[in-house]
Amino acid sequence: MSESLLEVNGLKKYFKVGRKAELKAVDDVSFTIRRGETLGLVGESGCGKTTCGRTSIGLYEKTGGSILYNGKDVHEEKLRNPLGLSKEVQMIFQDPYASLNPRMTVGEIIAEGIDIHGLAAGAQDRKDRIHELLHLVGLNKEHGNRFAHEFSGGQRQRIGIARALAVDPTFLLCDEPISALDVSIQAQIVNLLVKLQRDRGLTYLFIAHDLSMVKHISHRVGVMYLGTLAEIGPSKELYHHPLHPYTQALLSAVPVPDPRLEKSREMIVLDGEVPSPINPQPGCRFRDRCKLAMPICGEVTPKLKEVAKDHAVSCHLYP
Ligand code: SF4
């Protein structure tokens with residue numbers, strides 16, 4: 001698991017707000033995702049994680065930076081062949097209620113990609129593929145004749161996964177795929193994604209705001225704050241030794257299953273509001289909420305620096 005599949009360097013995505021202002025949704029974010037790996041991207045609502053994910057696969061035009069998928073520039077590839085990347089890269093959406101067409105049967109929904117890309121050798125092959133995909137995600141072939149509204153939230157998300165897998169992709173952008181589900185169902189969907197990754201060698205960018213569930217699926221985790229990457233590192237290390245004060249605060253709110261340990265832990269409460277991402281001031285964007293802020297934090301924007309193997313942080317506490 002060493003070869004990079006997605007390389008994002010200095011990615012920027014700004015939106016114009018009014019005549020002069022700019023909303024810096026993603027500002028100088030860099031990360032790589034290796035083949036067969038899951039990178040979890042976490043942060044509060046509005047931190048830019050979804051915009052970052054969607055821009056990284058070319059769904060949104062970037063404002064700056066470079067994105068290489070399998071060594072090829074995502075933007076140039078899209079201009080040359082708008083469908084070329086979409087077969088290789090698929091997406092699982094947050095809202096299983098809104099992302100499935102209510103007028104199509106589940107079989108038709110799953111077959112859409114197969115039809116667009118001409119993947120079936122005939123009617124029987126098409127049918128077999130639909131049944132195989134339903135089986136793969138834990139549904140049965142009779143489910144293919146029903147409509148999305150006849151299913152529970154978890155089952156709908158399974159249909160969304162089957163639809164994404166129909167074109168045999170390599171990379172899946174999982175855009176908060178468990179946020180709308182009950183906790184018990186969240187675990188089932190995460191387990192299904194882990195199994196599919198193992199069986200099919202898939203690579204995931206898994207976006208979520210719930211740190212506890214991200215831990216179970218991610219090999220590495222990136223923490224975003226207000227359009228920037230605060231910290232990125234191997235999942236276990238980041239959970240046991242968080243470096244950035246923001247990551248430490250987020251993790252202090254995640255309950256641990258050991259009652260004795262849970263009792264001895266201290267929750268770090270973040271004061272203040274999340275500042276506006278419109279025309280942000282120079283310096284660390286977390287400084288108004290950081291108890292450890294120093295004078296330099298208001299003057300110089302910290303750069304993402306590797307401080308241990310594969311573990312990088314944007315904070316002046318780590319020079
Ligand atoms: Fe806190 Fe300064 Fe580090 Fe920002 S750079 S997280 S303000 S110590």
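The values are calculated or read from the model by the stated rules, or taken from the named source; none is laboratory data. A quick note: this is a predicted structure, and the numbers were derived from the prediction, not measured. When we count neighbours, we look across all protein chains shown, and the Cβ atoms used for this are built from the backbone with ideal geometry, even at glycine. What goes into the accessible areas is simple: the full protein's heavy atoms, side chains included, and nothing from ligands, DNA or RNA. Shrake-Rupley method; radii C 1.70, N 1.55, O 1.52, S 1.80 Å.
Here's the picture: charge each Lys and Arg Cβ at +1 and each Asp and Glu Cβ at -1 in segment 103-163, and of 131, 114, 104 the one pushed furthest to the positive end of that dipole is 104.
Taking GluC sites (Glu not before Pro) in DSSP loop conformation with at most 16 other Cβ atoms inside 10 Å as exposed sites, the chain has its longest uninterrupted site-free stretch at 62-265. Label separation (residue 117 vs residue 248): 4.6 nm, computed from points 7 Å beyond Cα along the C-beta direction. Ranking 39, 69, 18 by how far each Cα lies toward the positive end of the dipole of segment 1-73 (charges on Cβ) leaves 18 at the top.
Estimated from helices alone, the mean residue ellipticity of the chain at 222 nm is -9500 deg cm²/dmol (sum of -39500 (n - 2.57) over DSSP H runs with n ≥ 4, per residue).
Hydrodynamic estimate: the Kirkwood radius of segment 181-310 over Cα pairs, inserted into Stokes-Einstein at 4 °C and 1.567 mPa s, corresponds to D of 77 µm²/s. The heavy atoms of residue 296 offer some 70 square angstrom of accessible surface to a 1.4 angstrom probe. Restricted to Cα atoms, the chain shows a radius of gyration and a Dmax of 20.7, 69 angstrom.
For a straight C-alpha distance cut-off of 19 angstrom, the aspartates and glutamates reachable from residue 236 (same-chain residues fewer than eight places away being disregarded) are 37, 210, 258, 262, 306, 310. Taking 75, 241 and ordering them by how much accessible surface each has at a 1.4 Å probe, largest first, produces 241, 75.
For segment 103-163, take N as its residue count and report Rg(C-alpha) divided by 2.2 N^0.38 Å. Numbers along the way, then the final one.
Numbers: Rg = 10.8 Å, N = 61, 2.2 N^0.38 = 10.5 Å.
That works out to 1.03 for segment 103-163.
Heavy-atom surface analysis with a 1.4 Å probe gives the chain a carbon and sulfur content of 52 percent of its accessible area.
Computed over protein heavy atoms with a 1.4 Å probe, the accessible surface of the chain works out to 50 Å² per residue. Each of residue 152 and residue 19 was given a label point 7 Å from its Cα along the Cα-to-Cβ line. The distance between the two points is 5.6 nm. Note on residue 288: accessible area approximately 110 square angstrom, rounded to 10, probe 1.4 Å, nucleic acids and ligands left out. All distinct Cα pairs of segment 131-246 go into the 1/r average, and the inverse of that average, the Kirkwood radius, is 15.5 Å.
With R₀ fixed at 22 Å, the C-beta to C-beta distance from residue 32 to residue 95 puts the FRET efficiency at about 0.15.
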